[in-house]
1. Restricting attention to the stretch 176-193, does a residue exist that is without any contact (Cβ under 8 Å) to a residue 24 or more places away in the chain, under 26 Å from T98 (Cβ atoms) and part of a helix (DSSP H, G or I)?
2. V115 - would you say it is crowded, with 20+ Cβ neighbours inside 10 Å and touching a Lys or Arg at 6+ places or on another chain (Cβ under 6 Å)?
3. Out of the residues in the stretch 76-96 meeting the condition of being without any contact (Cβ under 8 Å) to a residue 12 or more places away in the chain and not hydroxyl-bearing (S, T, Y), tell me which one is nearest to V203 (Cα to Cα).
4. Of everything in the stretch 15-32 that's of a type in the set (A, V, I, L, M, F, W, C) and surrounded by fewer than 19 Cβ atoms within 10 Å (Cβ to Cβ), which residue is nearest to the chain's Cα centre (by Cα)?
5. Quick one: how many residues across the stretch 47-75 are in a helix (DSSP H, G or I), within 15 Å of the chain's Cα centre (by Cα) and in contact (Cβ under 8 Å) with a residue 40 or more places away in the chain?
6. For the stretch 134-180, give me the residue count where each residue is surrounded by 21 or more Cβ atoms within 10 Å (Cβ to Cβ) and over 21 Å from H107 (Cβ atoms).
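Computed from the coordinates by the stated procedures, all read-outs in this text should not be read as laboratory data. This one's a predicted model, so the numbers in the text were calculated from it and none came from an experiment. Every residue, glycine as well, gets a Cβ built from its backbone with ideal geometry; the counts of neighbours run over all protein chains shown.
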Amino acid sequence: MSIAAEPWLVALDIDGTVLQEDGTLTDAVRDAVRNVRDLGHEVMLATGRSVSMTLPILDRLGIVSQYVVCANGAVVLHRDPDAPVGYSRHHVETFDATEVLTTIRGHLGQASYAVEDAEGVFRYTGFFPDGALAAASHQVEFEELLGVAATRVVVISPGHAIEDFLAVVERMGLHKVTYNVGWTAWLDIAPDGVNKATGLERVRSALGIPASRVFTAGDGRNDIDMLEWTAAGGGIGIAMGQAPEEVVAVATEVTGTDLDDGLADALTRHFQG
């Protein structure tokens, strides 16, 4: 199905969707994204990444978006040429992470923890792989994570298989927060009721684009809310071919994997087919 000329909101996950899992951006994906932009559609990123780790991807794609959703919906940016990074904060959601951190630590004592604040600065304890956190990060004692106004909490526990990690998370019965578990033993926690869908609804409303003209694509569990929101509005929600079953289940269709340039195929099929 080829989409008509009316502008669409095209919101794309980064890791495993725009980028392959090793960080590769292929020519096919970059060109497909630019072509959709050139047709007059609003192309943007919707990611769990922090601001400082998201904006360089726009540069690699060679696009300028009116809005960007970061930190799984907790931070929404708006284009502002006068701002130091070219974007200012349109909306930010924070929460006191004290209760959730102490709860998780009681179940995952050997895990590593990071808290991102409204300015995109991470405070962390334990070990995180190179590139996992933003450049603005400071190692601190666990107690210094408590009481921070957080946009996001990240927990990693490499000693757990993903199935065991999911079981532990389920047993914790976390309340008053929104959480998603990644591909590995990686837990992203956001303010209650905040996810990519809530951030994108703010963008859609600000742009005045009907929900039926929304196209989203993603591959992870943190994309489930986004894909459900897209389908509920009558839009097109694409699950990447490598996505877990629970992600595929809420998408309107499935494309190829990241290694097969699945995003490029889906964009070309719908916007130029």
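1. No.
2. In short, yes.
3. Here the residue is D80.
4. The selected residue is L25.
5. Final tally of qualifying residues: 8.
6. Of the residues in that region, 1 qualify.
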